[in-house]
Ligand SMILES: Nc1ncnc2c1ncn2[C@@H]1O[C@H](COP(=O)(O)OP(=O)(O)OP(=O)(O)O)[C@@H](O)[C@H]1O
Ligand SMILES: [Mg+2]
């Protein structure tokens, strides 16, 4: 899908020295009456970067994205695109290209007309318009559908056309709001890879909204984790996954078990219910973050460190089974592949070990930067 | 099996009822058109013989022809003005909140509470006081009062169903608000605009109760003229005139569809 992205890159080169921060939000808030949809959010995206807004439903991702596009006006704060203050500019004066969740292709225009629409508004001469439309169709590999109308396209095709339409104008920022939510599971993974390839190919700065942590981890350069209108953590996928800054991030990314408790003088963590984890953590109250992969079935040789666990829930996922265990009164989630026909069920007793070396303990009331 | 039988019974009776309703609606018009071709001197069904003599008489009749022209002229004006103001009103109700919005909405949604006759008399008095009775305005205004609520209602329904995300997409693609209306909103609510325009035309073209009070400078509309004629004589001439009226209505509906429909291609 990288057919002819060279020209785009050349165009980008000329703009390279404008400044590296393409999108910048400074303490942006949006209130709807009593509801605070977005609270004091600051984030930025550097040139060519793919930044993902990740968070649960209702945390303000869409609102944030729509403020960048100009459809929602912030209650306070400033939004800059290419270092120009855009906070109060209407959408049609902002250099953004948006792919909507429903794709929003114009039903009364052909695919080619859809892609040309933005170029017409930008007053491109006809010849350049036509060649640009061809080029974009080639980029998304749908040249043969130029004369179709949107209702004659599949969901995946519509999405690619929506992407082509947004990129045709060579926007400074590409905005995507849950672009895969209307696709089935398999197509979703394929489109995700294609989209990433196209974005890399044309090297466009991208803000991307999703509530799917896998999508965020695989696609992004940086992830902004949001929770009830606020930014919980900003970091690379590795940082977010390996070093979650708050219990919320830990819980949201990767099915972690969170245990409230205290680290005693000897560095041992004791949960409220009484589960003890030997280690060398800093003294004080905190939350232990235990990943599913840090819990293993006990092997025969490790009898001394093993813990007894009772199965509370068992979910079969094909490649693995996800178990919720009761260990000393705490609930822990583990993931394991069991031989066919040997799946533990509710009430079974297992012997497990916990790899405490990689467990992080987040001090209570974490200091946020 | 049982439900199959019920289904087909329902389908058959549904088709039957529909056919009878359409027949009842069309029957008077068919009767009039058929009897207008009579060669006799009285309006009768079935007609005696076949001739176009009553059409010839109708075309030669100065009173009827000028009334037909007045009616067409007024109805076209009413359709245009009602469409423009109706769209503006519906758009404002759909998109903005403003003081008095519920009142305007109420006006558009409640049926006309003033009887048409009272409306006619009222407008006559108003314009007499303004000294404008010898102009086209009373007639235009009277018909607009009848047509605009329906036009607003129809267009409002279209706008409510219209997907606003498409407008946002257009705006994101650098279209100014006016360009959005012209290239996205209007083409997509076209069916609503069409039926609204046709309704406005037909309302004005066929109205007699309000028009009868608002003739100006000796110009009468066709329905009023027909009433006046039928009062004194009852010959197939009215049938011929009525048939012409039906044809004009159909032609105008066709023209409106072509005219507004052409926007879709552009
Ligand atoms: N126009 C509005 N009027 C009132 N409240 C709104 C409006 N738009 C959003 N909200 C509220 O703001 C909060 C954030 O909404 P937003 O759509 O940004 O969430 P989101 O993170 O995109 O969620 P999802 O993943 O479900 O799409 C929600 O509580 C929502 O109810
Ligand atoms: Mg959303």
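For (1) without any contact (Cβ under 8 Å) to a residue 60 or more places away in the chain; (2) surrounded by fewer than 19 Cβ atoms within 10 Å (Cβ to Cβ); (3) within 16 Å of ligand 2 (Cβ to nearest atom); (4) not assigned by TED's automatic domain parsing to the domain that holds residue A:63, each residue gets a yes or a no:
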{"residue": "A:202", "(1), (2), (3), (4)": "no, no, no, no"}
{"residue": "A:220", "(1), (2), (3), (4)": "no, no, no, no"}
{"residue": "A:235", "(1), (2), (3), (4)": "yes, yes, no, no"}
{"residue": "A:238", "(1), (2), (3), (4)": "yes, yes, no, no"}
{"residue": "A:243", "(1), (2), (3), (4)": "no, yes, no, no"}
{"residue": "A:265", "(1), (2), (3), (4)": "yes, yes, no, yes"}
{"residue": "A:268", "(1), (2), (3), (4)": "yes, yes, no, yes"}
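Residues considered: B:184, B:148, B:121. Of these, the only one that is part of a helix (DSSP H, G or I), under 30 Å from residue A:150 (Cα atoms) and in contact with a helix residue (DSSP H, G or I) (Cβ under 9 Å, 6 or more places away or on another chain) is B:184.
The residue list A:102, A:57, A:42, A:27 contains one member that is more than 16 Å from ligand 1 (Cβ to nearest atom) and either within 14 Å of chain B (Cβ to nearest Cβ) or touching a residue at least 60 places away in the same chain (Cβ under 8 Å) (or both), which is A:42.
With the requirement that a residue be more than 20 Å from residue B:202 (Cα to Cα) and assigned to a helix (DSSP H, G or I), what does region B:124-145 give you? Scanning region B:124-145 gives B:124, B:125, B:126, B:127, B:128, B:129.
Taken over region A:65-91, residues that are modelled with pLDDT under 95 and facing another protein chain (nearest Cβ under 7 Å) amount to 0.
Can you find, within region A:108-120, the residue that is surrounded by the fewest Cβ atoms within 10 Å (Cβ to Cβ) among those that are under 17 Å from residue A:145 (Cα atoms) and within 7 Å of chain B (Cβ to nearest Cβ)? Can you show your working first?
Step one: of region A:108-120, the residues under 17 Å from residue A:145 (Cα atoms) are A:108-117.
Next cut, within 7 Å of chain B (Cβ to nearest Cβ) only: A:108, A:117.
Numbers: A:108: 15, A:117: 26.
It comes out as A:108.
Residues in region B:187-197 that are buried (at least 20 other Cβ atoms within 10 Å of the Cβ), part of a helix (DSSP H, G or I) and without any contact (Cβ under 8 Å) to a residue 60 or more places away in the chain: B:188, B:192. Comparison of B:75, B:58 shows that the only residue that is more than 23 Å from the chain's Cα centre (by Cα), part of a helix (DSSP H, G or I) and surrounded by 15 or more Cβ atoms within 10 Å (Cβ to Cβ) is B:58.
Of all residues in region B:81-101, those satisfying the criterion of being under 20 Å from residue B:146 (Cα atoms) and either in contact (Cβ under 8 Å) with a residue 40 or more places away in the chain or in contact with a strand residue (DSSP E or B) (Cβ under 7 Å, 6 or more places away or on another chain) (or both) are B:81, B:82, B:83, B:85, B:86, B:87, B:89, B:90, B:91, B:93.
Please specify each residue of region A:81-94 satisfying the condition of being buried (at least 16 other Cβ atoms within 10 Å of the Cβ) and either within 16 Å of ligand 1 (Cβ to nearest atom) or not in a strand (DSSP E or B) (or both). Give the derivation first.
Let us first name the residues in region A:81-94 that are buried (at least 16 other Cβ atoms within 10 Å of the Cβ), namely A:81-82, A:86-87, A:91-92, A:94.
Matches in region A:81-94: A:82, A:86, A:87, A:91, A:92, A:94.
Restricted to region B:220-247, and to residues there that are crowded, with 18+ Cβ neighbours inside 10 Å and over 20 Å from the mean Cα position of the chain (by Cα), the residue that is farthest from residue B:143 (Cα to Cα) is B:236. If only residues of region B:168-181 that are in a helix (DSSP H, G or I) and surrounded by fewer than 19 Cβ atoms within 10 Å (Cβ to Cβ) are counted, the one that is farthest from the other protein chains (Cβ to nearest Cβ) is B:181.
The values are calculated or read from the model by the stated rules, or taken from the named source; none is laboratory data. Quantities reported herein were computed from a predicted structural model and do not represent experimental measurements. We place every Cβ from the backbone using ideal geometry, glycine too, and count neighbours over all the protein chains shown.
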